[in-house]
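Asks: Structure incoming, see below.
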Amino acid sequence: TTTTTTTRRVLAAAASLMKMATEQPNKKRVAIVGGGLQGCATAYYLRALGDPATFDVTIVERTGVASAASGKGGGFLARNWGSRTTRKLHELSFDLHRELAASLGLSSYRANLPTLEVTGELGLREWPPRDKTAKPIKRAALHPDWLDASDTKAKLMDAPEATAQVAPRELCEALFEASGATLVRGAAAGLEFDAKDERRVAGVRLDDGRVVPCDECVVALGAWSVLLEDWLPGGFALPMEGVYSSSIVLDSRDAVAQKIADAPRALFCAEDSNSCHLEVYPRPDGTVYVCGIGGSDHVRGPRLREGGDLQDASKMRANPARVEAAVRSLSGLLAREDDDDDDDEAAPAMAFETQACMRPCAPDALPLIGRLSAWPNVCVATGHNCWGILWAPITGKLVAELILGRTPSVDLTAFAPERFMPRAPKRGRAVADAQRVGEQW
């Protein structure tokens with residue numbers, strides 16, 4: 001019966017909690033929920049900054065390390081692109097990436113990446129377009145040969161030494177391996193609270209009844225961090241949404257990819273008639289990552305919870321229509337062969353993989369990093385939007401500093417996870433009419 005099953009799970013959870021609590025009595029137990037870049041970076045910096053003999057770090061992950069945006073993002077890094085609020089995150093984390101690339105031996109890291117702003121088609125020429133033969137061709141020094149100079153205009157966006165790239169999956173997996181953390185596969189279903197102090201989380205409960213005990217809990221679930229609203233009592237609000245987008249990765253053996261990779265430039269393209277605003281990142285392994293293909297879906301609420309169509313990373317699929325649009329747009333950027341000025345020539349066939357991921361976004365587009373005042377042994381690290389890969393090292397370092405009792409390297413006031421609460425959350429019985437703000441941005 002349902003009652004019997006529930007009782008068995010409660011007993012199993014209690015037994016698991018007691019067993020694991022006695023295994024490492026002298027170590028601080030840290031449970032990190034989420035095996036993406038923020039979680040793995042936190043585990044890494046706990047080991048790098050602290051004494052590994054005093055910590056027992058466990059990462060709870062439902063699907064696998066780097067299974068979502070941390071494995072399928074573009075990996076573009078920019079030191080100078082921060083706002084007044086996020087500038088230190090950009091600068092410090094950009095420098096940390098360089099250090100990590102050297103210490104972890106990352107083959108996908110590329111420094112000094114020229115980054116171009118590209119206008120073309122609707123953004124450059126009148127509509128309907130003139131004949132190409134009537135337009136003079138002027139190629140700037142950094143304008144790659146594969147990019148059609150008759151249809152596009154490119155300019156440098158920043159000093160090359162201030163931009164770089166890394167493949168996020170390689171980085172995430174390397175951080176996890178170097179952290180020495182234990183990976184527990186399973187879906188987090190809730191939190192266990194200390195029987196003597198309801199303000200303290202004592203463990204992470206999995207859907208099969210197991211419990212990972214903890215003295216410190218870190219929630220780094222990306223868009224799925226909204227589950228904290230269900231796990232914490234008292235009307236806790238975490239108004240997050242996931243921006244669900246598709247991307248393609250050209251195979252290194254593809255002829256188009258080889259042309260692009262021969263002149264590595266990161267490209268940010270203006271919106272075109274296919275409703276794409278392509279971002280093109282040739283990688284050191286010869287593959288080419290292409291995103292900005294339009295049609296992003298803003299996902300929130302029940303869709304991110306159990307039973308929703310995007311309850312976990314394994315459910316994500318690329319949008320075929322947007323993939324086709326991306327291929328058309330990329331083909332339109334290519335220089336014509338043999339001075340062929342035929343606008344109707346067939347687009348070149350391309351070999352590529354399709355993928356999709358979600359960027360976690362808060363209503364104010366700022367990350368959520370820090371402790372929860374009502375539950376002081378809980379830290380949150382999520383909401384990094386399009387800068388999740390860039391900001392991962394500094395986020396992991398900041399959370400590690402909090403757990404180690406040190407002053408964070410960056411003032412976290414603007415990134416407080418409880419900033420969307422109208423007042424401090426009440427503990428105990430849930431407040432049914434608790435106000436929630438900022439459902440979208």
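The values are calculated or read from the model by the stated rules, or taken from the named source; none is laboratory data. Predicted model, so just to flag it, every value in this text is computed and none were measured. Note that we place each Cβ from the backbone using ideal geometry, even for glycine, and neighbour counts take in every protein chain shown. When the accessible area is computed, the model is the full protein with side chains, heavy atoms only, and any ligands, DNA or RNA have been set aside. Shrake-Rupley method; radii C 1.70, N 1.55, O 1.52, S 1.80 Å.
Asks: Just the accessible area for residue 247, please: 1.4 Å probe, Å², rounded to the nearest 10?
Replies: About 0 Å², rounded to the nearest 10.
Asks: Please find the FRET efficiency linking residue 419 to residue 331, where r is the Cβ-Cβ separation and R0 is fixed at 60 Å, and quote it to the nearest 0.05.
Replies: FRET efficiency, residue 419 to residue 331: 0.85.
Asks: Relative to the present Cα-Cα distance, how much length would full extension add between residue 95 and residue 263 at 0.36 nm per residue of separation?
Replies: 58.0 nm
Asks: At residue 156 and residue 354, where each label point lies 7 Å from the Cα along Cα→Cβ, what is the point-to-point distance in nanometres?
Replies: 3.8
Asks: Also, I was wondering about something else. Report the full-extension gain for the segment residue 251 to residue 187: residue separation times 0.36 nm, less the Cα-Cα distance, to one decimal in nm.
Replies: Full extension of this stretch gives 19.7 nm more.
Asks: Something else: Kindly sort 371, 322 by accessible area of their heavy atoms, largest first, with the probe set to 1.4 Å.
Replies: Sorted descending by solvent-accessible area, the residues read 371, 322.
Asks: Give me the extension gain from residue 197 to residue 177: residue separation times 0.36 nm, minus the current Cα-Cα distance, reported in nm with one decimal.
Replies: Stretched out fully, the residue 197 to residue 177 stretch lengthens by 3.8 nm.
Asks: For the ranges 103-114, 391-402, 269-280, what's the packing order if you count other beta-carbon atoms within 10 Å of each residue, average per peptide, and put the highest first?
Replies: Order by mean packing, descending: 391-402, 269-280, 103-114.
Asks: Right, another one. So which of 27/196; 259/397; 72/155; 155/397; 196/315 end up more than 31 Å apart by C-alpha?
Replies: Distance filter (> 31 Å) returns 259/397; 155/397; 196/315.
Asks: Further question: Measure off 7 Å from each Cα along the Cα-to-Cβ vector at residue 364 and residue 117, then give the distance between these two points in nanometres to one decimal.
Replies: Spacing of the two 7 Å Cα→Cβ label points: 2.7 nm.
Asks: Still on this structure, I have one more. Which order do 81, 146 take by accessible area at a 1.4 Å probe, largest first?
Replies: So, going from the largest accessible area down, we get 81, 146.
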